[in-house]
Amino acid sequence: MSNQDVEDFIQQNRALVDQVETYRGYWESEKHWEARREFIMRNFNEFTSEQLDHLLSLSMVWANNVFLGCRYSEELLEKVKEMAEGIVVVDAPVFKTRDEIMKKQQGL
């Protein structure tokens with residue numbers, strides 16, 4: 001689903017969009033929320049209403065990994081990256097591990 005597809009979907013499904021807007025955390029910047037909202041909207045139909053909390057949790061895992069550099073199991077990251085395929089985050093932060101930093105310092 002492209003960005004234009006998401007925008008079209010939003011226009012055609014206003015009630016759903018209004019529901020999804022209630023899932024925004026007060027701490028989320030506009031950039032953060034737009035990306036997480038797109039994640040939720042792209043995957044909404046793959047989850048039943050009973051599984052909604054699971055979808056929201058997966059969206060937070062993905063957003064936390066992208067925006068905050070949080071690390072999770074490879075299996076979980078693979079799943080959320082697959083679910084987020086095609087979502088473009090402009091100017092996403094780049095994170096380095098402690099080992100990467102130490103290796104670079106030792107090479108100086």
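The values are calculated or read from the model by the stated rules, or taken from the named source; none is laboratory data. Computed from a predicted structure; not experimentally measured. Please note: Cβ atoms are built from the backbone with ideal geometry, for glycine as well, and neighbour counts cover all protein chains shown. Accessible surface areas use protein heavy atoms only, side chains included; no ligands, DNA or RNA. Shrake-Rupley method; radii C 1.70, N 1.55, O 1.52, S 1.80 Å.
How large is the dipole of the chain about the Cα centre if only Lys and Arg carry +1 and Asp and Glu carry -1, each at its Cβ, rounded to the nearest 20 debye?
580
Of E34, E85, which has the most accessible area and how do the rest follow, probe 1.4 Å?
Reading off the accessible areas and sorting them downward yields E85, E34.
Given +1 on the Cβ of Lys and Arg, -1 on the Cβ of Asp and Glu, and no further charges, what dipole in debye does the stretch 1-54 carry about its Cα centre, rounded to the nearest 20?
Here the size comes out at about 80 debye.
Give me the angle, in degrees from 0 to 90, between the Cα long axis of helix 3-12 and the longest principal axis of the Cα atoms of the chain, rounded to the nearest 10.
30
For labels at L76 and Q12 in the simple 7 Å Cα→Cβ model, what's the distance in nm?
3.4
Can you list the chymotrypsin sites (Phe, Trp or Tyr not before Pro) in the stretch 1-51 that are in a DSSP coil and have 16 or fewer other beta carbons within 10 angstrom?
Within the stretch 1-51, the qualifying chymotrypsin sites (Phe, Trp or Tyr not before Pro) (loop, at most 16 other Cβ atoms within 10 Å) are Y23, Y26, W27, F47.
Just to verify a number: what accessible area does I10 come out at with the full protein assembly present, 1.4 Å probe, Å² rounded to tens?
Only protein atoms counted, so the area is about 10 Å².
Excluding ligands and nucleic acids, what accessible area in Å² is computed for D5 using a 1.4 Å probe, to the nearest 10?
In the full protein context, D5 sits at about 70 Å².
How long is the chain along each principal axis, judged by its Cα atoms, biggest number first, in Å?
For the chain, the Cα extents along the three principal axes come out at 56, 27, 26 Å.
With every protein chain present, what accessible area does R42 have (1.4 Å probe, heavy atoms only), rounded to the nearest 10 Å²?
Only protein atoms counted, so the area is about 40 Å².
Given R₀ = 30 Å, what would the calculated FRET efficiency be for V89 paired with E50, taking r from the Cβ atoms and rounding to 0.05?
Taking R0 as 30 Å, the efficiency between V89 and E50 is 0.55.
Give the span of the stretch 55-108's Cα atoms along each principal axis, as three whole-Å numbers ordered largest to smallest.
Result, largest extent first: 43, 25, 15 Å.
Efficiency by 1/(1 + (r/R0)^6): what FRET value for E34 and K103, r their Cβ-Cβ distance, R0 = 30 Å, to the nearest 0.05?
After rounding to 0.05, the efficiency reads 0.30.
Roughly how many Å² is the accessible area per residue of the chain, as a whole number, for a 1.4 Å probe?
70
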